[in-house]
Amino acid sequence: MSPLDQVRIIQLPRVQDPRGNLTFVEGEQHVPFDIKRVYYLYDVPGGETRGGHAHRDLEQVLIAASGSFEVVLDDGRARRTFLLNRPYHGLYLPRLIWRELENFSSGSVCLVLASLRYDEADYYRDYDEFIRDIGCQP
Ligand code: T46
């Protein structure tokens, strides 16, 4: 299966309540890895993009905790765009996927659950190097 075929939306638990709704995530239970790191993107100015890289080993789940944004994915063979706009949807990204996040709505928050601690050596920040390493033509 190609990396892009493994990408999927995970329906996270949703506890609906007149006081406000609640979603929770447990590692290896609701996401297919142990959660080693959490980070979030916020105050993204209109028109800005984030990402623009792939990971050698890292797996992640992206959640629009507030607002919405688009995630453009590319595994060197195909390209797909996902709109995230529900705080109970997680977008699972396996390793070796080039990602770009764009069209952030005002006040949106991208919450990320990661399978590994931060390691700059895990990043492909050059698209041609990524494409060459996975055996595609730049
Ligand atoms: C991804 C998208 C969705 C750290 O020191 N620790 C961290 O855990 C992270 C994620 C980043 N940083 C530092 C590294 C850079 O100096 O924060 C700075 C900005 O990181 P970056 O340019 O990689 O941010 P994004 O938004 O382009 O990408 C991030 C993640 O790095 C990436 O894995 O998938 O969010």
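Quick notes on this structure:
- Across all directions, the average projected area of the convex hull around the alpha carbons of the range 13-59 is 5.6 nm².
- Over the chain, Cα pairs under 8 Å with separation of 6+ residues give a relative contact order of 33 percent.
- Converting phi to 3J(HN,Hα) with the Karplus coefficients 6.51, -1.76 and 1.60 and the offset θ = phi - 60°, the range 105-120 yields 6, 4, x, 6, 10, 9, 8, 10, 9, 10, 7, 9, 5, 5, 8, 4 Hz in sequence order, with x at every glycine or proline.
- Gain in span if fully extended, residue 9 to residue 79, counting 0.36 nm per residue against the direct Cα distance: 23.6 nm
- Cα coordinate range in the range 28-98, projected on the principal axes (Å, largest first): 31, 30, 17
- Kirkwood hydrodynamic radius of the chain, from the reciprocal of the average inverse Cα-Cα distance over all distinct pairs: 15.5 Å.
- If you run the Gaussian network model on the chain, springs between alpha carbon atoms under 10 Å, then out of 11, 60, 29 the most flexible one is 29.
- Here the Karplus relation 6.51 cos²θ - 1.76 cosθ + 1.60, evaluated at θ = phi - 60°, turns the backbone of the range 22-39 into coupling constants of 9, 10, 10, 9, 10, x, 6, 10, 9, 10, x, 7, 6, 7, 9, 7, 10, 9 Hz, with x for every Gly and Pro.
- Applying the Karplus relation 6.51 cos²θ - 1.76 cosθ + 1.60 with θ = phi - 60° to the range 42-52 yields 3J(HN,Hα) values of 8, 6, 6, x, x, x, 7, 10, 10, x, x Hz, where x marks Gly and Pro.
Coordinate-derived values only; no laboratory data. None of the values given here were measured: they were computed from a predicted structure.
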